[in-house]
Amino acid sequence: MSTDAERDIDEGITFYNSTGHDVGSYFYRSILVDLQSLTLFSGIHPKRFGFHCMPAKRFPFAIYYAVSNDIVYV
């Protein structure tokens, strides 16, 4: 996972924790499940800006990734 992707996730955690409802950990776990789904579904999502774009299932968040030689780059 790229450092940009890690930073985006960290910023999401911070944002959701700042709402006062402490949902940052739920956001993180949800994104991890979405990322794990790429092992089965990588490459099927439409491309935006030259990358595949998978919307997160539970939050308004998108995961951009590329596939090369059966390796997924987030």
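Tabulated data
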read-out	value
Total charge dipole magnitude, the chain, about the Cα centre, Cβ charges on Lys, Arg, Asp, Glu only, Debye to nearest 20	280
Projected-area mean, the chain, by convex hull of Cα positions, square nanometres	4.8
Value of [θ]222 nm, deg cm²/dmol, for the chain, DSSP H segments ≥ 4, -39500 (n - 2.57) each, nearest 500	-14500 deg cm²/dmol
Spin-label pair THR39/ASP4, simplified geometry with 7 Å Cα→Cβ offset, distance in nm	2.6
Of SER42, SER30, SER18, the one that fluctuates the most in a GNM where the chain has Cα springs shorter than 10 Å	SER18
FRET efficiency for ASN17 and CYS53, using Cβ-Cβ distance with R0 set to 30 Å, rounded to 0.05	0.75
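Bear in mind these aren't lab numbers, they're just calculated from the coordinates by the rules spelled out. For clarity, every value in this text was computed on a predicted model and none was experimentally measured. Cβ coordinates were reconstructed from backbone atoms using ideal geometry, including for glycine residues, and neighbour counts include every protein chain displayed.
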